[in-house]
Amino acid sequence: MHGTATQKALENALTKGPFAYGYISSDMVVQRHNASAAEWFSLPGQNLVGRHLRDILTPEMIENAGPSMQKAMAGEDVEFERSLQHPEGIRNSIARYIPERGDDGSVNGIHVFLVDVTDQRHSENEAHAQREQFRGAFQHAAIGMAVVSPEGKFLSVNKSFCKMLGYTSEEFLQGNFQELTHPDDLEPDIRNL
């Protein structure tokens, strides 16, 4: 691809990419953006071109993004993750600010890319909470429990299991259940593994 074909492909990617994109001039005015950017700022379908950022962003957003935008306007690539209050609730994003320099080397503006990771962070938090709930139930269970690998190696044991069999957790984690199983019970236990 050459010339206008390359430019057209880049414009298409910015317009249809799965992220919010905008180009902000050095005087903090939106010069171009994609539809996702307007949606991100709860302004779906609106043309933000020509509007100053203070007319688009909430005070919290300005406070949160301001220092990073200043770094980018000073010529530094900036990437960070943040959580912000939106009308729909707390939203998490990864933001990347890339300065655009003129022929004289001065920063003319910044390209802003925002990727919404709210759902991903929510899923990660839920998974973490479930792991912690399982861990608590496992560790404090009145009955002895162990987690073993498909090969029979102990991966985790609880206090009740240690007390019941008279070994420390460290001793269990160095071995496998085959070493502790009565020979008559070993074959059925392996089948059930």
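The values are calculated or read from the model by the stated rules, or taken from the named source; none is laboratory data. Model, not experiment: these values are computed from the prediction. Because the Cβ atoms are built from the backbone with ideal geometry, glycine has one as well, and the counts that use them run over all protein chains shown. Please note that ligands, DNA and RNA were not included when accessible areas were found on the heavy atoms of the full protein model with its side chains. Shrake-Rupley method; radii C 1.70, N 1.55, O 1.52, S 1.80 Å.
Computed values, structure above
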item	result
Candidate set from segment 102-121 (those that are farther than 20 Å from GLU11 by Cβ and touching a strand residue (DSSP E or B) at 6+ places or on another chain (Cβ under 7 Å)); member that is most open to solvent (accessible area, probe 1.4 Å)	ASP116
Only listed residue being touching a Gly at 6+ places or on another chain (Cβ under 8 Å) and exposed (fewer than 15 other Cβ atoms within 10 Å of the Cβ), chosen from SER42, SER26	SER26
Search result, residues across segment 54-93 that are in a strand (DSSP E or B), open to solvent by 30 Å² or more (accessible area, probe 1.4 Å) and of a type in the set (D, E, K, R)	GLU79, GLU81, ARG91
Hits in segment 145-178 (condition: open to solvent by less than 50 Å² (accessible area, probe 1.4 Å), farther than 18 Å from LEU193 by Cβ and of a type outside the set (S, T, N, Q))	CYS162
Checklist (1) in contact with a strand residue (DSSP E or B) (Cβ under 7 Å, 6 or more places away or on another chain); (2) at pLDDT below 95; (3) farther than 19 Å from GLU88 by Cβ applied to ASP77, failing item	(2)
Every pair of residues 6+ apart whose Cβ atoms lie under 6 Å, when the first sits in segment 150-167 and is under 16 Å from PHE138 (Cβ atoms) while the second is part of a helix (DSSP H, G or I) and open to solvent by less than 100 Å² (accessible area, probe 1.4 Å)	PHE154/PHE172; PHE154/LEU173; VAL157/SER169; VAL157/PHE172; ASN158/PHE138; ASN158/GLN139; CYS162/SER169
